[in-house]
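The values are calculated or read from the model by the stated rules, or taken from the named source; none is laboratory data. None of these values were measured; they are calculated from a predicted model. All Cβ positions, even for glycine, are placed from backbone atoms using ideal geometry, and neighbour counts span all protein chains on display. Areas reflect the complete protein model, heavy atoms only, side chains present, ligands, DNA and RNA absent. Shrake-Rupley method; radii C 1.70, N 1.55, O 1.52, S 1.80 Å.
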Amino acid sequence: MTTDRKTEASLWHRLLETRLTRRSALGGAAAAAAAVSLPLTISSAEAVSNNGGPSTVDPQKVTPRATPPFRAIGVTTADAVTLPAGYRAQVLAPWGEVFTEGGREIGFNHDYVGFFPIDLLQGGTSSTEALLTINHEYVNPMFVGGDTKNRTPAQIRAEMEAVGVSVVRVKKEGREWRIVPDARNRRIDALTEIELTGPARGSAAVRGATMVKGTVGNCSGGQTPWGTLLTCEENVDGYAKAWEGSGYDPMHQGWVTEIDPFTPGWTPKKRTAMGRFRHENVAVTVARDGRVVGYMGDDMQDACVYKFVSRGKYDPANRAANLNLLAEGDLYVANFGNGSWVLLDYDKNKKLQDAKGADGKPLFASQADVLADARASALAVGGTPVDRPEDIEIHPRTGEVYVALTNNSKHGNFFGQIVKFRENGDDWTATKFLWEVFAVGGPQSGFASPDNLVFDPYGNLWMVTDNSDLSTNPIKAFHGNNAMFFMPTEGPNAGKAYRFAVGPVDAEMTGPVWSPDGKTLFLAIQHPGEDSESLDKLRSNFGARAGSNVPRPTLVAIEGFPGWRA
Ligand code: FEO
Ligand code: CA
Ligand code: CA
Ligand code: CA
């Protein structure tokens, strides 16, 4: 380990230790007095960035940029990853690449990417060697298996094995990232045994199940401070018909699943206490009192924003205990009309006990029922339906929570926006908050349909767009292909969007995550050529194997950032 590496590692640990010190310093009566005099900005000790993954930068000690570190690029419809001068993208882990000893392949349609430094559990923050976790959100049957209408059992199996999560060891050698062999390289797919935990485990809502089959619809996610992945099950409803006869049960999907990338023997856990809905992501942080907080969006028109607060407290010295932290806690829904978090607790909230469906029958008979249909529960207690809440991230300098509202054609919000809120007293467990609009999509700002967000270690926001109608909708003509934007959050240009990267034809770029030192940006290229009529009329060849023209979803590793912090 070089001296630099030691410094970086100790910074990450100092941040965690300071969290604990603050926790004990603010205990009991002292807390009430101290809380009043706390500065408005949060301590760096509580800051997170990078989708919850580690960073080696103290965000309170850097000056945020008012302008991008690159010359912004223009709109393009090129079938390529287009970057500013001086930056380069390397294809890494494309669909179909064999990466385990047993011959398993990288799955389809990459989404969220987690960066787990290979030495994380030993206190390290390697930026050149890691276990990456890659979500595979769904398959395009034209590319995987073939027939969309009359699936054979073999095709269903091929599709079930192409979704879920890949855990992949990667290493940077010289200028190149490559996959390296490791016993932990593996696939968690729609057939993997997964344990249900929390109030809905074994309940009637999940037909009595304690173990279930697989994870699907793996959209975005988050990393926990104890080094696990939270993968979020988003669009889970269509599979019951598509995979008929496979035993697929939609009530066993739509949860947050926790995976320990470092421990293949640890059975993945579905966290029913965090509710069941179209989970986009979880933005994880540790509150001042040590409880773990997760912000989550339900990606659907007129659906809500949620917050989970764990019952137990985070202990950096006890990973075994932390691995149970998400089994129990409180689930809240946001009421943006009065800036409050409403608890979804069947026993404490009469509105949930009294809620009735259109048929006049009670909607819920238990907390398990409330969690299994969190959307209906949220609307029954005054949760605010918003415009497709997708990714949520916490600003590493200010503690504010940013929410991408992609769009909502039901209400004329075709371009989407990003809002941000600040918890009362800068306490992430607070039940009151204030909010404002940060940026609005449209020709005036240059972007539409914001989806994934990520803060770099310096507190700059990066955002990727998810427009599915770019080639057909005249109001999107200004946009070109889906793109990634840099957005200052402080200073005179706060909220302005600077185009950094443009994806290939029909693709959406997803899952942005940084190496802890901020020098490599991993970005997933999802569904290139998705609108192609057939394999004979492909609209994109991005990521194709040598000798083939079939496009492939893939990761790219983007470099060229040295000096960008200045
Ligand atoms: Fe899978 Fe909400 O994007
Ligand atoms: Ca998404
Ligand atoms: Ca994110
Ligand atoms: Ca999306």
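Counting only DSSP beta bridges with both residues in the chain, the antiparallel share comes to about 95 percent. Electrostatic tally near GLY107: other residues with Cβ closer than 13 Å to its Cβ, Lys and Arg +1, Asp and Glu -1, net -3. Rounded to whole numbers, the Karplus 3J(HN,Hα) couplings from phi for segment 528-535 are x, x, 4, 8, 5, 5, 7, 5 Hz, using 6.51 cos²θ - 1.76 cosθ + 1.60 with θ = phi - 60°, and x at Gly and Pro.
How large is log10 I(q)/I(0) at q = 0.08, 0.11, 0.13, 0.15 Å⁻¹ when the Debye formula is applied to the Cα atoms of segment 322-473, each weighted equally and without solvent? For the requested q values the scattering log ratios are -0.29, -0.54, -0.74, -0.93. Each semi-axis of the equivalent ellipsoid for segment 211-280 is √(5λ) with λ an eigenvalue of the Cα gyration tensor; in descending order they amount to 22, 14, 10 Å. Under the criterion of Cα pairs below 8 Å and six or more residues apart, the relative contact order for segment 134-241 equals 23 percent.
Placing +1 on the Cβ of every Lys and Arg and -1 on the Cβ of every Asp and Glu, with no other charges, gives segment 114-206 a dipole of roughly 100 debye about its Cα centre. A Förster radius of 35 Å, combined with the Cβ-Cβ distance separating GLU193 from SER340, puts the computed FRET efficiency at roughly 0.30. For the chain, the solvent-accessible area with a 1.4 angstrom probe is 36 square angstrom per residue. Over the chain, DSSP H runs of length four or greater, each weighted -39,500 (n - 2.57), average out per residue to a 222 nm ellipticity of -3000 deg cm²/dmol. Over 24 Å between C-alpha atoms is what I'm after, so list which of LYS313/LYS350; LYS213/LYS351; LYS361/LYS432; LYS307/LYS350 land there. Among LYS313/LYS350; LYS213/LYS351; LYS361/LYS432; LYS307/LYS350, the Cα-Cα distance tops 24 Å for LYS313/LYS350; LYS213/LYS351; LYS361/LYS432. When LYS537, LYS270, LYS213 are compared by accessible surface with a 1.4 Å probe, the order from highest to lowest is LYS537, LYS213, LYS270. Here the simple spin-label model places points 7 Å from the Cα toward Cβ, and for ALA321 and TRP435 these points are separated by 3.4 nm. Note on segment 169-317: Rg/Rh from Cα positions, Kirkwood definition for Rh, rounded to two decimals, is 1.00. Full extension of the segment from ASP289 to GLU173, taken as 0.36 nm per residue of separation minus the current Cα-Cα distance, would add 37.6 nm.
Farthest towards the positive end of the charge dipole of the chain, among the residues PRO141, THR489, GLY265, is the Cα of THR489, using unit charges on the Cβ of Lys, Arg, Asp and Glu. Working ranking of peptides 96-105, 512-521 by packing, defined as the average number of other Cβ atoms within 10 Å per residue, highest first, is 512-521, 96-105.
What is segment 3-559 by shape, rounded, prolate or oblate, if you read a ≥ b ≥ c off the alpha carbon gyration tensor as root eigenvalues and call it rounded for a/c under 1.5, prolate for a/b larger than b/c, and oblate otherwise? Cα axes put segment 3-559 in the rounded bin.
Note on segment 452-518: with charges restricted to the Cβ of Lys and Arg (+1) and Asp and Glu (-1), its dipole about the Cα centre is near 220 debye. Packing around the peptides 352-359, 552-559, 412-419, taken as the average count of other Cβ atoms within 10 Å per residue, puts them in this order, highest first: 552-559, 412-419, 352-359. For the listed peptides 254-260, 63-69, a ranking on the average number of other beta carbons within 10 Å per residue, highest first, reads 254-260, 63-69.
Extension gain for SER471 to ALA544 (0.36 nm times residue separation, less C-alpha to C-alpha distance): 24.1 nm. Our summary gives segment 85-166 a relative contact order of 26 percent, counting only alpha carbon pairs under 8 angstrom and 6 or more residues apart. This model, with +1 at the C-beta of Lys and Arg and -1 at the C-beta of Asp and Glu, gives the chain a dipole about its Cα centre of some 860 debye. Pairs of Cα atoms nearer than 8 Å and 6+ residues apart set the relative contact order; for the chain it is 17 percent. Each of GLY518, GLY74, ILE194 was scored by the projection of its Cα onto the charge dipole of the chain, and the greatest displacement toward the positive side belongs to GLY518; charges sit on the C-beta of Lys, Arg, Asp and Glu. Across the options VAL165, GLY86, SER55, the greatest Cα extent toward the positive end of the charge dipole of segment 55-167 (unit charges at beta carbon of Lys, Arg, Asp, Glu) belongs to GLY86.
On the basis of the beta-carbon distance and an R0 of 25 Å, GLU101 and THR267 show a calculated FRET efficiency of 0.75.
For a modelled paramagnetic label at GLN353, 7 Å from Cα along Cα-to-Cβ, the residues of segment 316-343 in reach, with backbone nitrogen under 17 Å, are 343.
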